[in-house]
Structures are given as C-alpha cells and as structure tokens.
Amino acid sequence: MSLSIGALHLPSLVMQSPMAGCSDLPFRLVARRRGLAFAFTEMVSAHSLVRRSRKTLALLRTVPEDRPLGAQLLGSDPAKMAAAASMIAELGFELLDINCGCPVKKVVSNGEGAALLKDPDRAERVFAAVRRAVDIPLTVKTRKGFQDESGKEAVELARRAQAQGFDGVIVHGRTQKQGYGGKADHEAVALVRRAVSIPVIGNGDVRSPEDARRLMAVAGCQGVMVGRAGLGNPWLYRELHRALSEGEAVGGGEADGRGAARLCAALLEHFDLEVEFLGARQASLNIRRIGAWYACGLPGAKDFRVRICRAQDISVTRRMISDFFASLPARNREDL
Ligand SMILES: Cc1cc2nc3c(=O)[nH]c(=O)nc-3n(C[C@H](O)[C@H](O)[C@H](O)COP(=O)(O)O)c2cc1C
C-alpha cells in the first residue's frame, strides 16, 4: 500500500511526525534503518530561517540516507513564509508542511501555530503565498480546533488549504487547549476527510497496529502519522506499515517486549550518531532524554536516567548503556 501526496509517492502509509527537540537527524537515521519510509525534521521558524540563523539551518541538516524528507515551517507572515518556503525547496526537501497546530503559549500569542485555526483568512493568505513560491508538495498540519471541540475549525483550514492548491492535510485530533493530554479524537479526522478530496493523514495516539487500523477505519484517512510512540521504538513504523498493508500485527509494542539486545544496540547507534552529527557535548546532553525513551518501562529505568545524567565522557556513557541492558532480568533480555 502506498501514499501519494502531490508528486511524492511513498511506499508506506506511515509517517514520522515532526517533533521539536526529538526528530533530529540521528533519530531519523535510526528509524530509517529499521523501516521508516518518510520523516520530518522538527518545525523551524520562517523568521529565523530567512535570517539564515545558524541554529535554524542546523535543524534542517540532512544526509542522502535521510530521504525522502519533509520540513515544517512555523510562521504567519505570508511574505516571510513564502521566502522561507523557497529556501526549503532550494535545499531539496521533498515536502513542506505548514504548522497550524503548535499549542505553545509563546507561539500562539505570536499568531503562529495553532493560532492560525482562529484566523483562517490569514492562514489562507499564508497558503496562497507559499503555493505561489514553490512547486514541491505542500501539506498543512493542524489540530481539530483551537478551543472548539467540533472539528469545524480544522475542516475550515483544510478546505482553504485545498483551495490554494495544497496536496494534503495532517490532522491531530486534539484542540490547542488540550495540549498533549486527553484522548485524540479520530472522528475529527473523519470530518476533515469527508470535507476535502486531497489526502488526509490522521495523527494522535497511534501506538500499536490496532491503533493504526482503528484510526484508518474510523477516519477513512489515507495515512497515519506517529509521534511520541516512535521515541525509543524505531521499529514501530515498519510494524505499523506491515499491519496496514498486510493486515498482520508484527511483534509487540511494549518496551520490555522489544528485547534488551535490540534496544541496547539501537540506543548505542543513536548515541554514536548524536556524537557524529552534533558533537560529544550536545550528545551527552541529549542522551539523558534519548536514554529515557529506550529505557521507559524497564526495571531500573529511573536509576539509569539518574546515572546517565552524570556521565561526562562518551566511553562512560556507552558502558552505562551496555551495563544497564545487560543487567535486566532474563525476561527482558529475550529477543523477539
Ligand atoms: C516533544 C514534542 C515536540 C513536538 N514538536 C512538533 C513540531 O515541531 N511540529 C509539529 O507539527 N508537531 C509537533 N509535535 C506534535 C506531534 O507531531 C504530534 O502531532 C502529537 O504528539 C500527537 O501525536 P502522537 O499522539 O502520536 O504523539 C510535538 C510533540 C511533542 C511531544
């Protein structure tokens, strides 16, 4: 089963979601080597990109193995968004998404992210300007609403994106007000799906093959996007792809079902890639968060998190990772 968004043809219905501070190049490479077909960088501010901020350009760093790849822009000024979109296209990204879902107060009070749900006229001006600027496939990623639970705000935004020649819509079934709490509403994805003819990707609370199948069935959407469940589980994308395309569930989704040897190897690889691409200092900071994803749910995870925070040297960190997984009880050490 495949998914087409404009001229982009993907061999899987499963996408990795843009996640600030998480979906960096090492994260994407670890997942791609285990079956992820399409990845997103984290959102970047159009304002910072047009100013050629070094930090922002670093967030867009990629390598040939990391393709096809989407970028996501945050902003609400049509001219700036168009200029930033041109830069994204020049950099060779296969797809560009416009962020209409970020719930963070500072972002929203700036009229950006989820605030565009409340200002569809401005959103449409952004869509039109970006569409005029580039010819790569375009999507909009939105929430079901700002505060309104009905899903009407997402429908409105999706219709306007389609009217401006966008190629797809990604719908996270939560309101801005909900943040990341509560349950994602897949019926809201269905509402959008019925309102537009461009592909709709459903997002929110997909953690297992059953979740992915349920979302596709409830919403009738063309694909699924996976966010948090992919943290520390780089095998999930292939598992979901197989479940959706062949109707079979492959392997377990639980942390302790993934096998300590596999987890350990993936975490060491992730850490080594962090060192290679971000440098030892940044990698040592990032491993605190990354280590916690991989250890989540395992006995001794809390202690491991505390210990790894103190490690100041690459070889010490690597040894701590190996020791932690080697010390797990036998039932956690079995590979699938
Ligand atoms: C740490 C974190 C960072 C995120 N950063 C972004 C982002 O940069 N752009 C975006 O559109 N969504 C972002 N999101 C939202 C996710 O892409 C996704 O829509 C949300 O987590 C719901 O999907 P899930 O239930 O599969 O996690 C972020 C979420 C988290 C938890």
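The values are calculated or read from the model by the stated rules, or taken from the named source; none is laboratory data. The structure presented is a predicted model; accordingly, all values stated were derived computationally and were not measured. Using ideal geometry, Cβ is built from the backbone for each residue, glycine included, and neighbour counts are taken over all protein chains shown. Please note that ligands, DNA and RNA were not included when accessible areas were found on the heavy atoms of the full protein model with its side chains. Shrake-Rupley method; radii C 1.70, N 1.55, O 1.52, S 1.80 Å.
Worth pointing out:
- Amide H contacts under 5 Å for L69: E94, L95, restricted to partners 5 or more places along the chain or on a different chain, H placed in the peptide plane at 1.01 Å from N.
- Per-residue HN-Hα couplings for region 124-140 [Karplus 6.51, -1.76, 1.60; θ = phi - 60°; Hz; x = Gly/Pro]: 5, 5, 4, 4, 5, 5, 5, 4, 5, 7, 9, 10, 7, x, 10, 10, 10
- Across region 111-229, the volume of the C-alpha convex hull divided among the residues equals 97 Å³ per residue.
- In order along region 98-108, phi translates into HN-Hα couplings of 9, 6, 10, x, 4, x, 4, 3, 4, 5, 5 Hz, rounded to whole numbers, per the Karplus curve 6.51 cos²θ - 1.76 cosθ + 1.60 with θ = phi - 60° and x for Gly and Pro.
- Angle of helix 209-219 to the longest C-alpha principal axis of the chain, folded into 0 to 90 degrees and rounded to 10: 10°.
- Evaluating 6.51 cos²θ - 1.76 cosθ + 1.60 at θ = phi - 60° for every residue in region 35-52, the Karplus couplings come out as x, 5, 9, 9, 10, 10, 6, 7, 4, 10, 6, 4, 4, 5, 5, 5, 7, 6 Hz, glycine and proline recorded as x.
- Principal-axis tilt of helix 280-295 within the chain, Cα atoms, nearest 10 degrees: 90
- Gyration tensor verdict on the chain (Cα atoms; rounded if a/c is under 1.5, prolate if a/b is larger than b/c, oblate otherwise): prolate
- Cα centre as origin, Lys/Arg/Asp/Glu Cβ charges: region 256-333 dipole, Debye: 300
- For the pair V306 and H9, label points projected 7 Å from Cα toward Cβ lie 5.5 nm apart.
- Basic side chains Lys and Arg get +1 at the Cβ, acidic Asp and Glu get -1 at the Cβ, and with that the dipole of the chain about its Cα centre reaches some 760 debye.
- Cα gyration tensor shape for region 256-333, rounded if a/c is under 1.5, else prolate or oblate: prolate
- Close amide H partners of I5, meaning residues 5 or more places away or on another chain with modelled amide H under 5 Å apart, are L10.
- Accessible area per residue, Å², region 256-333 with all protein chains present, probe 1.4 Å: 49
- Charge-dipole axis of region 256-333 as Lys and Arg at +1 and Asp and Glu at -1 on Cβ define it, positive-most pick from A280, T317, F304: F304
- Exposure of Y180 as accessible area (Å², to 10), given a probe of 1.4 Å and all protein chains: 140
- Among the listed pairs K118/K302; K106/K183; K55/K141, those beyond 32 Å (Cα-Cα): K118/K302
- Assigned charges on the beta-carbon of Lys, Arg, Asp, Glu; region 129-221 dipole about Cα centre (debye): 100
- In this rough spin-label picture, where each label sits 7 Å from Cα along the Cβ direction, the D121-K177 distance is 2.4 nm.
- Here's the picture: charge each Lys and Arg Cβ at +1 and each Asp and Glu Cβ at -1 in the chain, and of G165, F40, V192 the one pushed furthest to the positive end of that dipole is F40.
- Centre-to-centre separation between the Cα atoms of region 53-68 and those of region 280-328: 26 Å.
- The share of accessible area on the chain that comes from carbon and sulfur is 50 percent, using a 1.4 angstrom probe.
- Look at where the Cα atoms of region 1-24 and of region 186-239 average out, and the two centres are 11 Å apart.
- Amide H contacts under 5 Å for D185, placed H, 5+ residues apart: G173, R174
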